[in-house]
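What follows is a set of notes on a single structure, which appears directly below.
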Amino acid sequence: MKRGLPKVETKGLKSFIPDHEIFQWLEETKNPTAERVREIIRRSLDKNRLHPEEMATLINADSPEMVEEIFEGARELKKRIYGNRIVLFAPLYVGNECVNKCAYCGFRVDNTEVHRKTLLTEELVAEVEALEDLGHKRLIMVYGEHPKYDAQYIHDTVLEVYKVKKGPGEIRRVNVNAAPLNVEGFKLVKEAGIGTFQIFQESYHRETYERVHAAGPKSHYLWRLHGLDRAMDAGIDDVGIGALMGLYDWRFETMGLLYHTIHLEEKFNVGPHTISFPRLEPAVGTDIDKITEKHAVSDYDFKRLVAILRLAVPYTGLILTCRETTELRNEMLAFGVSQIDGGSSIGVGSYSEEDPEAFKKSQFLLGDNRSLDEVIRELCDAGFLPSFCTGCYRKGRTGEHFMEFAIPGFVKRFCTPNAVLTFLEYLNDYASGETLKSGLTQIAREMENMPEGQAKEELKERMEQVRAGVRDLYF
């Protein structure tokens with residue numbers, strides 16, 4: 001296989017984002033009645049993916065009273081499908097060299113203020129060991145777009161991460177956020193045993209996209225838009241989509257995420273495994289005020305778009321990262337979010353070494369700087385169940401097979417018990433005294449709410465095994 005980034009090929013590719021149709025729906029659904037909004041919420045609570053007209057209606061339901069009904073619908077849907085679980089992960093930045101010229105990104109090729117760094121093998125191992133010492137089991141590995149970060153490199157570094165074991169620590173799931181590959185490249189990356197491959201479109205509005213991506217492979221809108229099609233053609237079951245909120249009108253971008261979901265469902269019979277919706281944040285050497293001048297997303301509208309996404313795609317995981325403040329993240333957990341990172345550091349090499357200038361190696365600045373232990377304790381105190389579960393991926397419950405289990409409501413059969421087991425591991429191996437106390441209290445609440453029966457008895461047996469030192473048990 002030829003090394004380096006794949007050749008950009010856009011011949012024959014067409015956009016599946018219908019700009020005119022999106023604008024038309026947003027115009028035609030203005031001033032919806034309360035009854036129409038409630039009808040759409042009821043349809044979502046029956047666990048149906050919404051249609052674009054329905055999402056546009058919720059977007060236009062902007063009176064305080066209707067927005068609160070949308071929030072409450074999202075809260076209820078999250079409880080029904082996900083229970084109290086919040087899945088935890090950490091980002092691991094492998095390298096920040098990049099050939100693109102993205103106006104908003106600290107990694108862009110012409111940014112002379114960022115310190116370029118690619119982890120050597122021993123540095124990568126040290127980063128993973130530091131993450132394992134914190135208790136992490138799930139990572140998202142992040143790469144700039146550069147010829148040295150090709151499919152072979154991603155494959156090799158993922159395998160290196162899986163090999164690292166320190167004490168009771170190990171990484172059980174590696175997700176990847178990297179540049180679009182060709183089918184051959186995606187097949188090679190799949191061989192490393194990755195979980196989800198993320199490609200964020202950044203903006204679904206083509207004119208905006210081409211304006212902020214001035215040069216490099218990323219300047220090709222259609223190559224990126226069809227990137228996850230190639231990933232799924234290569235056999236990668238789980239893919240993650242995302243839009244960078246603030247580049248263009250959040251209403252359009254949220255609709256774009258739904259149209260991308262529909263496209264994947266129609267072509268592959270399964271939508272994205274996760275959706276991300278990061279907001280633009282400051283970065284070294286980058287003036288984002290000019291970029292977000294017209295389209296900055298307020299906290300209020302940000303909460304709205306997450307609640308609307310939760311209702312629109314009931315079975316898709318929604319990811320909220322440490323870009324956002326602690327207060328906002330805590331508030332949004334209740335009505336939509338199912339995955340968060342904790343104890344994150346996004347400077348290349350900054351987990352294993354304290355670096356006062358780590359921000360100069362970072363893509364953007366963080367809003368939540370709590371430790372993983374603090375995040376977990378606050379989750380428990382708020383009634384959530386932290387989870388490091390990776391059982392579905394080892395049991396083959398991925399892609400279309402995941403939906404076979406999820407849609408009938410079987411998720412709780414597997415996910416809550418697996419969350420309890422992985423959380424109990426964390427408490428026994430890594431938690432501070434205060435977090436241990438909060439965590440055991442939360443597990444006791446979960447067990448009390450679990451119906452009596454064989455499944456509960458089997459879980460109790462496995463919990464005793466975990467307390468005795470057995471690890472990586474799952475249903």
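Coordinate-derived values only; no laboratory data. Keep in mind the model is a prediction, meaning the values are calculated, not measured. Cβ placement follows ideal geometry from the backbone for every residue including glycine, while neighbour counts extend to all protein chains displayed.
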If you take the charge dipole of the chain about its Cα centre, with +1 on Lys and Arg Cβ and -1 on Asp and Glu Cβ, which of Gly73, Ala234, Trp223 is farthest toward its positive end?
Ala234
Based only on Cα atoms, what mean projected area does the convex hull of region 48-170 have, in nm²?
12.3 nm²
Just the isolated ones, please: cysteines in the chain lacking another cysteine beta carbon under 4.7 angstrom.
Cys98, Cys322, Cys380, Cys389, Cys392, Cys415
In region 14-57, the trypsin sites (Lys or Arg not before Pro) that sit in a DSSP loop and have at most 10 other Cβ atoms within 10 Å of their own Cβ are Lys14
Arrange the following residues from fewest to most other Cβ atoms within 10 Å of their Cβ: Leu26, Leu258.
Leu26, Leu258
Can you find, among Gln339, Ile376, Leu328, the residue sitting farthest towards the positive end of the charge dipole of the chain, where Lys and Arg contribute +1 and Asp and Glu -1 at Cβ?
Gln339
Toward the positive end of the charge dipole of region 27-78, about the Cα centre and with charges on Cβ (Lys, Arg +1; Asp, Glu -1), which of Asn60, Val37, Asn48 goes farthest?
Asn48
Suppose every K and R has +1 on its Cβ and every D and E has -1 on its Cβ; what is the size of the dipole of the chain about the Cα centre, in Debye to the nearest 20?
1060 debye
Helical contribution to [θ] at 222 nm, DSSP H n ≥ 4, -39,500 (n - 2.57), averaged over the chain, rounded to 500
-14000 deg cm²/dmol
Ranked Glu265, Glu69, criterion: other C-beta atoms within 10 Å, fewest first:
Glu265, Glu69
Just how large is the dipole of region 27-78 about the Cα centre, in debye to the nearest 20, putting +1 at every Lys and Arg Cβ and -1 at every Asp and Glu Cβ?
300 debye
Kirkwood hydrodynamic radius over Cα pairs of the chain, then Stokes diffusion coefficient at 37 °C and 0.692 mPa s, in µm²/s:
144 µm²/s
Rounded to the nearest 5, the percent of antiparallel DSSP beta bridges in the chain equals 15 percent
What ranking of Ser338, Ser298 emerges when the number of other C-beta atoms within 10 Å of each C-beta is taken as an exposure proxy, fewest first?
Ser298, Ser338
Strictly over 29 Å apart at the Cα level, which of Lys78/Lys148; Lys187/Lys290; Lys137/Lys456; Lys79/Lys190; Lys78/Lys218; Lys47/Lys187 would you flag in this model?
Lys78/Lys148; Lys187/Lys290; Lys79/Lys190; Lys78/Lys218; Lys47/Lys187
Whole angstrom only: what separates the Cα centroid of region 428-475 from the Cα centroid of region 38-74?
36 Å
